[in-house]
1. Once the Cα gyration tensor of the range 1-142 is diagonalised, what are the square roots of 5 times its eigenvalues, in whole Å and ordered largest first, as equivalent ellipsoid semi-axes?
2. Given R₀ = 22 Å, FRET efficiency for residue 175-residue 145 by Cβ-Cβ distance, to 0.05?
3. Where Rh denotes the Kirkwood radius from the mean inverse Cα pair distance, what is Rg over Rh for the range 173-316?
4. Taking every pair of distinct Cα atoms and averaging 1/r, then inverting, what Kirkwood hydrodynamic radius in Å comes out for the chain?
5. How high is the relative contact order of the chain, given as a whole-number percent (alpha carbon pairs under 8 Å, six or more residues apart)?
6. Could you work out how far helix 292-314 tilts from the main Cα principal axis of the chain, as a 0 to 90 degree angle to the nearest 10?
7. For the Cα atoms of the chain, what angle does the longest principal axis make with the long axis of helix 17-28, in degrees from 0 to 90, nearest 10?
8. Kirkwood-based Rg over Rh for the range 183-226 (C-alpha set), two decimals?
Amino acid sequence: MSNTKSRKKIALIGAGNIGGELAALCAHRQLGDVVLFDIPGRVGVAKGKALDLEQNSAIAGNDAKITGTSDWADCAGSDVLIITAGIPRKPGQSRDDLVAINLPIIRDVADNAKKHCPDAFIIVISNPLDAMVYELMRRGGFDAKKVVGMAGVLDSARFSLFLAREANVSVKDVRAMVLGGHGDDMVPVMSACTINGVRAGELISKERIDAIITRTRKGGGEIVELMGTSAYYAPATSAVAMAESYLLDQKRLLPCAAYLTGEYGYKDLYMGVPVVLGAGGVEKIVELTLTDEEKTMLAKSAKSVQGIVDVVKKSA
Ligand SMILES: NC(=O)c1ccc[n+]([C@@H]2O[C@H](COP(=O)([O-])OP(=O)(O)OC[C@H]3O[C@@H](n4cnc5c(N)ncnc54)[C@H](O)[C@@H]3O)[C@@H](O)[C@H]2O)c1
């Protein structure tokens, strides 16, 4: 019997709204075989989505296998794990309100990931993002280069879209980056923001840029208020861009929650920073020259993240 591993394997931990969309994107982009995992009480959803997507592949012409399971053993040997396990926000809730429910879930995921997928590249999406990715890495004792959080790609996408609409230009030409924690004090970096090299401030008034920054910071909440639950299309596409950069060694420079060991003046903290993602995982954390105002905003954001991480550490 051949033990040749022909395709990459991607395990999606949580088969809810984002998990299902992740599976669809992985299949569509032919990234590898997909395992959709959920708890036993939701295994029918995981299996049902997997079957629906395999039937979809029969039309789309994708050959990857998609399976649903509640058995961690089926995730063994995964190259990438993307974690959405937990609950999303409801209207009126902040991401930090989720910590009590999502913390034990992330610890359960960390223990199983360590046991079954010790070599995987791990992308955490569950909220509150920066604290959950910190805890997953700490609890599992993983190499921090192989564990990142997804938030900055999504927040930057929201920022880019609003800027493009305001300037009446293609979103493809907007280069914008949102750093810091995935909370209401995230840091849109105007000093690094251009529309294909043209400073955004030359095309959009300061007043409108300020309004766009406010809308970006509340971008997740705007969708929660509309739908009663959080966004899932753009979060899934964001995480798949990160997974693809790792799997295909694309070395994309993306804003990711990465473990800081002194970069930007912060230590033992996960927070959104520009990262080169390649086959080595976090291959480089890029330190931008920030303005004094941006440094102050980053310090405020880091303080908020540290507050939640302290709560998590105390209950360890
Ligand atoms: N980082 C970001 O930018 C971002 C963006 C949007 C949503 N989120 C977060 O992502 C998470 C998932 O959102 P969603 O809309 O997919 O939620 P969802 O409720 O649709 O799906 C979550 C799934 O996790 C499963 N689950 C619970 N405990 C589990 C465990 N121990 N192991 C495996 N699976 C488990 C649930 O049964 C459920 O099916 C939420 O915490 C949400 O706040 C983050």
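1. Working: eigenvalues 131, 67, 30 Å².
Value: 26, 18, 12 Å, ordered largest first.
2. Numbers: r = 26 Å, r/R0 = 1.16.
The value I calculate is 0.30.
3. Working: Rg = 16.1 Å, Rh = 16.6 Å.
Expressed as Rg/Rh, it is 0.97.
4. Details: mean 1/r = 0.0505 Å⁻¹.
About 19.8 Å for the chain.
5. Numbers: 621 pairs, mean separation 52.8, N = 316.
Here the relative contact order equals 17 percent.
6. 40 degrees
7. So the inclination is approximately 80 degrees.
8. Details: Rg = 12.0 Å, Rh = 11.5 Å.
Reported Rg/Rh (Cα atoms, Kirkwood Rh): 1.04.
Read the figures in this text as sums done on the coordinates, not as results from a lab. Model, not experiment: these values are computed from the prediction. Here the Cβ is made from the backbone with ideal geometry for all residues, glycine too, and neighbour counts use every protein chain on show.
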